[in-house]
1. Kirkwood hydrodynamic radius (Cα pairs, Å) of segment 87-175?
2. List the longest stretch of the chain that has no exposed loop site; here a site is one of the trypsin sites (Lys or Arg not before Pro) assigned by DSSP to anything other than H, G, I, E or B, with at most 11 other Cβ within 10 Å.
3. Determine which aspartates and glutamates satisfy two conditions relative to K483: a Cα distance under 12 Å, and not lying fewer than 8 residues away in the same chain.
4. Got a sec? How would S96, S174 order by Cβ neighbour count within 10 Å, fewest to most?
5. If each residue of separation counts as 0.36 nm, what is the full-extension length gain between L451 and V436 once their alpha-carbon separation is subtracted?
6. Scan the chain and report its longest stretch carrying no GluC sites (Glu not before Pro) that are both in a DSSP loop and have at most 16 other Cβ atoms within 10 Å.
7. Compute the distance from the alpha-carbon center of segment 236-295 to that of segment 516-536, in whole Å.
8. How far apart, in nm, are the 7 Å Cα→Cβ label points at I354 and S247?
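Each value in this text was obtained by applying a stated rule to the coordinates, not by laboratory testing. Here the structure is a predicted model, which is why all the values come from computation and not from measurement. All Cβ positions, even for glycine, are placed from backbone atoms using ideal geometry, and neighbour counts span all protein chains on display.
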Amino acid sequence: MIHIGKWKRLAILLVTLVGVLLATPNLFYGRVEAHNDAVREAERQGFYTDEQAAARGLWPDWLPSGLVNLGLDLRGGAHLLGEVHVADVYQARMTSLWPELRDALGAARDEVGAVRRVSSPPGTLYVEIENPAAMTRAVQIARTLATPVVSVTGAGQTDLAIAAEGNRLMIQLSDAEKAATDDRTVQQSLEIVRRRIDEVGTREPTVVRQGRDRILIQVPGIGSAAELKSLIGTTAKLTFHPVAGRSTDANANPGIGNILVPSLDEPGVFYALDEVPVVTGEDLVDARPAFDMNGQPSVTFRFNPSGAKRFGTFTANNVGQPFAIVLDDQVISAPVIREAIPGGTGQISGSMNIDQSNELAVLLRAGALPAEMTFLEERTIGPELGQDSIDAGRISAIIGTVLVVAFIIASYGLFGVFASIAVITNVILILGVMSVMGATLTLPGIAGIVLTVGTAVDANVIIYERIREELRRGLAVGPAIDKGFREAMSAIIDANLTTFIAAMVMFFLGSGPVRGFAVTLTIGLVTSVFTAIYVTRLMIVLWYERRRPKELVL
């Protein structure tokens with residue numbers, strides 16, 4: 001007998017109502033967007049301005065505020081494809097290595113004689129020594145400057161490839177270190193670009209790596225590609241401050257001459273810092289992941305001579321005290337000074353893994369792009385084009401839905417009405433799920449939703465045709481409906497599972513528009529199965545319990 005338990009009915013209604021509630025903010029897109037922007041900016045600052053408080057009041061805090069983000073093709077904006085010149089970093093590393101190698105060889109001057117740097121190809125360091133017979137000793141000294149490669153693939157290898165020919169010592173980065181450096185350079189560039197774009201409050205930028213050394217940048221809502229390039233070229237503000245205190249009160253008084261700065265990794269925590277920094281990012285020469293004396297991941301950093309002198313004096317006078325590393329008005333780390341650091345080279349260690357040490361090194365170096373970036377593609381998409389796409393998508397969705405609804409009602413009568421309600425509920429649930437995920441809706445995504453509208457009734461058609469067969473065999477209305485749902489279940493699952501597999505392949509192997517289509521199609525498959533099997537069945541059960549029909553014309 002057709003029946004749905006009380007708790008199952010409540011669960012179906014609850015899931016449907018939650019989906020509707022989650023999708024509702026999209027009906028008030030402008031208000032909710034202004035509310036969310038105000039909340040995010042206030043959280044970053046630690047307080048609300050009058051203007052932000054007014055924007056926050058546009059939407060109740062107790063209601064869901066997730067939105068389906070509009071992609072570049074719908075909202076308009078700028079598109080850039082940049083190529084990072086990773087080889088520039090090789091040369092910078094060799095340039096910074098020369099003073100250390102010169103001093104190390106100078107300590108063994110009695111053996112190797114005078115040393116001098118000679119011209120060399122980019123990314124290499126050539127050094128000539130006066131006594132060729134001592135080349136073996138020179139190679140040994142150079143190898144003491146090599147450090148382990150901090151990457152999973154380069155484990156057990158060093159960062160320098162050292163060779164000798166005659167009286168010439170030739171040094172360059174090892175292949176493993178080049179691969180690790182390439183990865184760090186691109187990741188650093190990604191972080192810098194993302195921070196530069198986020199700083200101006202633009203919403204949901206897409207900053208992703210493409211291939212070995214390219215970065216795709218798409219920012220909806222920005223004026224032009226030229227404006228975006230200008231933002232990317234901005235220099236980050238990196239400073240090192242003495243720590244005066246710590247608080248969880250955003251309105252705490254930091255004291256005269258101090259500033260209150262929020263922590264990046266500790267939500268709700270604020271540091272009171274001396275307003276005058278000890279050193280700034282302009283004094284930082286390098287920051288790289290490494291290992292400490294216990295073999296644990298850490299981060300080493302190095303200042304230029306003037307910064308090293310100031311930092312050495314400060315650390316000597318503040319052993320055991322914390323100091324804060326501040327990037328763009330946020331404390332990214334607050335390590336404790338364990339000993340004086342007179343040479344300008346320090347180490348940050350603690351409970352971190354290799355990935356975290358790489359991330360911290362990236363943040364420390366985020367004051368400027370690590371290498372030149374050439375833009376291979378530049379496109380500005382006007383909002384008019386995006387609005388046209390939205391209008392076309394809306395019209396196509398409405399027309400498609402109307403035609404599907406008309407056909408299904410003409411074919412199945414009242415049961416067609418139930419299926420049509422399920423189709424509309426399905427679209428609402430898709431928007432609700434996308435809002436929770438913060439997914440971005442693109443023009444191909446709209447196509448995926450329209451396709452879902454067309455295919456969502458497939459399950460209902462299978463069920464209804466199965467019910468028709470059972471009615472022809474002479475079963476009563478109730479048993480025919482019950483058997484129709486039960487017998488159609490396997491066919492529905494199989495049909496949607498094969499489509500789901502195809503959608504997953506498109507998502508993981510595709511890119512750009514293909515992935516946008518796959519996202520909405522995948523979500524639509526899951527929600528359409530729920531609405532066809534449970535929502536439609538619940539409506540039919542409620543109708544049957546009320547009418548108790550003896551016959552059913554389907």
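1. 13.3 Å
2. 1-472
3. Those aspartates and glutamates meeting the cut-off are E465, E469, E470.
4. Placing the least packed residue first, the sequence is S96, S174.
5. Answer, rounded to one decimal: 3.2 nm.
6. For GluC sites (Glu not before Pro) (loop position, at most 16 other Cβ atoms within 10 Å), the longest site-free span of the chain is 373-550.
7. 48 Å
8. 4.2 nm
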